[in-house]
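These notes are about the structure you will find just below.
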Protein chains: 2
Amino acid sequence: MSVITVLVLGSPGDEPPPKLDRLAGRARVLHADEKSLAELLPAADALLVWDFTSDAVRRSWPGPGRRPGWVHTASAGVDRLLGCPELVASKAVITNARGVFDRPIAEYTAGLVLAMAKDFPGSWKLQNERRWRHRETIRLAGTHAIVVGSGPIGREIGRTLLALGVEVELVGRRGRAGDPDFGRIHPSAALGGLLPSADWVVCAAPLTPETTGMFDAAAFSRMKPGARFVNVGRGAHVVQDDLVAALASGRLAGAALDVFAEEPLPPDSPLWDTPGLLVSPHMSGDTLGWRDALAEQFCDNFDRWAAGEPLFNVVDKQLGYVPDRSAP
Amino acid sequence: MSVITVLVLGSPGDEPPPKLDRLAGRARVLHADEKSLAELLPAADALLVWDFTSDAVRRSWPGPGRRPGWVHTASAGVDRLLGCPELVASKAVITNARGVFDRPIAEYTAGLVLAMAKDFPGSWKLQNERRWRHRETIRLAGTHAIVVGSGPIGREIGRTLLALGVEVELVGRRGRAGDPDFGRIHPSAALGGLLPSADWVVCAAPLTPETTGMFDAAAFSRMKPGARFVNVGRGAHVVQDDLVAALASGRLAGAALDVFAEEPLPPDSPLWDTPGLLVSPHMSGDTLGWRDALAEQFCDNFDRWAAGEPLFNVVDKQLGYVPDRSAP
């Protein structure tokens, strides 16, 4: 069997490289950083985008020389890769980390919803001030949630909220009936009509031209007064100033963002101290061992590639995500 | 039908009295506060302990005159009432609010567990400092929890954690097999042997002589290094100094207390700023509408009392809680 050259686009920050021991003897593993990627790209059969926060692929792909036939990103979202028209137009197959983040993000989202329902931020602020102030909080069971995104992450969020007694409506690109968990998936066109009934609105959609900026002033103005919003999708799903205004006006009682248009969120961003807004640093899916799970998943797909079998988690470059039929 | 005199021991703070409109025409409702209770007690057929944080019953019951035949407390715990030997020795039936708090407390506890797993306190502290610092957090599914307390609150907490993928062991006073949700309930004597395996230890037990101080240095020393502890039972379940020491030594990675030996927690208590400790003001069960639910429950039991039928939620004065067979 011929040796396959795998190029790894380096780790964010000081993180160790992925554990690819399983490829020993079958792959030559090269490591690139943002600077060396353009030079090393022509040598690669496969590209593992380990640092999925980097824009280096978009900048380097259009350069001279041969290009890898397979690009795998260690992320669920592929919006950054699809921002490179030359990669989209190429024959290269793109695969993603679909599956690794579902359960962690669902837990994180359920935790945020419960934290807002029970006003943990208020309690911990009062704790800092050594003040005992009893309040009444929200009973979560029986409240209504809309989850935007009917991929595996949105579905797992929906199932987790269902398990907590929440009534859940799932919104996807296409509407469809007969869903085993949710009965019916609503088409995105139905979102506006659903928003007024929701106590919780969760964004877990892929970032595509259609979903960019979908949470804007018009969307927030349709939400129930006192509703709460959670974004674990991508920062660009939300028009940031419109969200701040919806919180300031009291239309929204609270919001939690784990993702931002610019990451890291700049120190001077007004989001850091917007009242009612909870900020976390894009970590909802990243539980202990996540890097190993991502490396394992890449190696599983490598086994298929090496054997000439179809890859799993193949991204539809037009849709901007992995359609259901391609799931493993 | 003769008119029954219901005496209501007043509301905590400035809260409105319970809505007892349903009793109109069938009951004469008198209101007492801590000072007038002793004087009004002989006139009462039934006593509704609406302010369940008061010690007035213990002080007033031993006084002169006739005593009500039924005492209902708007709380799940009856430790305060059972601190009155004369009430315990009397023929008066005690009933409690069993059932009202199950779901809210289970949600609150699940929220605390998720908040600790996902390090929300850390994220919101960093948010205050406008610092972006990604961390890896705990995947809750697959972790192990022990819930101490096999009454309806403990069971509902256990079921909620099960729904989140946690492996749950329930500990009750008596061990028993064949439980529909948990397979097996462990006897309290087994707790020491179970503690080393738990990532989460939740106290939701009734406060009895046997359970007072059960979470002491010996118990904390048996817990897995890095375990986390939640108390939604009663403050006196925990030896406060031992908990602080277990957090300081790093044996426990975190703890959350909603109940305290002294409530309100005094402003100079060291608990307010013990690192790793989350404090909330005894509110885990108190969701919007809880007072109406408590009043409804009392009225439901009043209907039985007026009809000469057996009451539900009758407390076993020796056990210190409502045994399962008495549940509605």
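The values are calculated or read from the model by the stated rules, or taken from the named source; none is laboratory data. Small disclaimer: the values here were computed from a predicted structure and weren't measured. A quick note on method: Cβ atoms are made from the backbone with ideal geometry, for glycine too, and the neighbour counts reach across all protein chains shown. These area figures cover heavy atoms from the full protein model, side chains too; ligands, DNA and RNA do not enter into them. Shrake-Rupley method; radii C 1.70, N 1.55, O 1.52, S 1.80 Å.
For chain B, the fraction of C-alpha pairs more than 27 angstrom apart is 47%. Coupling constants for the stretch B:71-85 follow from the phi torsions by the Karplus curve (6.51 cos²θ - 1.76 cosθ + 1.60, θ = phi - 60°), and in residue order they are 10, 10, 10, 7, 9, 7, x, 10, 4, 5, 5, 6, x, 10, x Hz; glycine and proline get x.
Fully extending the segment from A:Glu15 to A:Arg133, taken as 0.36 nm per residue of separation minus the present Cα-Cα distance, adds 38.2 nm. Binning the alpha carbon pair distances of the protein assembly as shown at 20 angstrom intervals from zero yields the distribution 17, 44, 29, 8, 2, 0, expressed in whole percent.
Of the residues B:Asn96, B:Asn301, B:Asn231, the one that moves most in a GNM of chain B with alpha-carbon contacts below 10 Å is B:Asn301. Between A:Glu136, A:Glu107, A:Glu15, the residue with the greatest mean-square fluctuation in the GNM of chain A (Cα pairs under 10 Å linked by springs) is A:Glu136. Skipping prolines and chain starts, which residues have an amide H placed within reach, meaning under 5 Å, of the one on A:Ala76, given they are 5 or more residues away or on another chain? Placed amide hydrogens put A:Ala97 under 5 Å from A:Ala76. Rounded, prolate or oblate: which one fits the stretch A:167-241, using the alpha carbon gyration tensor with axes a ≥ b ≥ c (rounded when a/c is under 1.5, else prolate when a/b beats b/c, else oblate)? Because a/c hits 1.5 or more and a/b fails to exceed b/c, the stretch A:167-241 counts as oblate.
Each other copy places its own label point for B:Leu162 at 1.8 nm from this one, sorted shortest first, where the point lies 7 Å along the Cα-to-beta carbon line.
Given +1 on the Cβ of Lys and Arg, -1 on the Cβ of Asp and Glu, and no further charges, what dipole in debye does the protein assembly as shown carry about its Cα centre, rounded to the nearest 20? Here the protein assembly as shown has a charge dipole of around 880 debye.
Placing pseudo-labels 7 Å out from each Cα toward the beta carbon at B:Val3 and B:Arg59 gives an inter-label distance of 3.0 nm.
Approximating the spin labels as points 7 Å out from Cα along Cα→Cβ, the B:Glu39-to-B:Ala189 distance works out to 5.3 nm.
Rg/Rh for the stretch A:174-328 stands at 1.03; both radii use Cα atoms, and Rh follows the Kirkwood definition.
Summarising the strand pairing of the protein assembly as shown, around 10 percent of its internal DSSP beta bridges are antiparallel. Relative to the other identical copies, B:Pro310 shows label-point distances of 6.4 nm, where the label point lies 7 Å from Cα along the Cβ direction and values run shortest first. Closest approach of a chain A Cβ to the axis relating A and B (residue, whole Å): A:Ala163, 2. The apolar share of the surface of chain A, taken as the fraction of accessible area on carbon and sulfur atoms (1.4 Å probe, ligands and nucleic acids excluded), comes to 53 percent. With the convex hull of the Cα atoms taken as the outline of the stretch B:1-142, the averaged projected area works out to 13.5 nm². The calculated FRET efficiency for A:Ala248 paired with A:Leu319, based on their beta-carbon distance and R0 = 41 Å, is about 0.70.
From Cα pairs below 8 angstrom and at least 6 apart in sequence, can you work out the relative contact order of the stretch A:177-311, rounded to a whole percent? Computed over the stretch A:177-311, the figure is 18 percent. Potential lengthening of the chain between A:Asp268 and A:Asp303 amounts to 8.0 nm, from the contour at 0.36 nm per residue minus the alpha-carbon distance.
Distance between the modelled labels on B:Glu296 and B:Asp241, one decimal in nanometres: 4.6 nm (7 Å Cα→Cβ projection).
Look at where the Cα atoms of the stretch B:102-158 and of the stretch A:258-328 average out, and the two centres are 23 Å apart. P(r) tail for the stretch B:95-173, what percent of Cα pairs lie past 15 Å? Beyond 15 Å sits 61 percent of the P(r) for the stretch B:95-173. For A:Ile4, the residues 5 or more places off, or on other chains, whose built amide H falls under 5 Å of its own are A:Ala27, A:Arg28.
For the protein assembly as shown, the tally of Lys pairs with Cα-Cα distances below 30 Å comes to 28, considering only residues 8 or more apart or on different chains.
Go from 0 up to the bin containing the longest alpha carbon distance in the stretch A:102-279, width 10 Å each, and give me the % of pairs per bin. Spelled out per bin, shortest first, that is 10, 39, 37, 12, 2, 0. Here's how it looks for B:Gly254: its modeled amide H is under 5 Å from those of B:Phe229, which are all 5 or more places away or on a different chain.
Taking every alpha-carbon pair under 8 Å whose residues sit at least 6 apart, the stretch B:102-279 reaches a relative contact order of 17 percent. Centre-to-centre separation between the Cα atoms of the stretch B:168-228 and those of the stretch B:31-91: 32 Å.
Between chain A and chain B, roughly 4900 Å² of accessible surface gets buried, counting both sides and using a 1.4 Å probe. Considering only DSSP beta bridges with both partners in the stretch A:102-279, what is the antiparallel share in %, to the nearest 5? Given both bridge residues lie in the stretch A:102-279, the antiparallel proportion sits at roughly 10 percent. Helix A:102-117 and the longest principal axis of the Cα set of chain A meet at an angle near 20°.
Ordered by solvent-accessible area of protein heavy atoms (1.4 Å probe), largest first, the residues B:Glu129, A:Glu210 come out as A:Glu210, B:Glu129.
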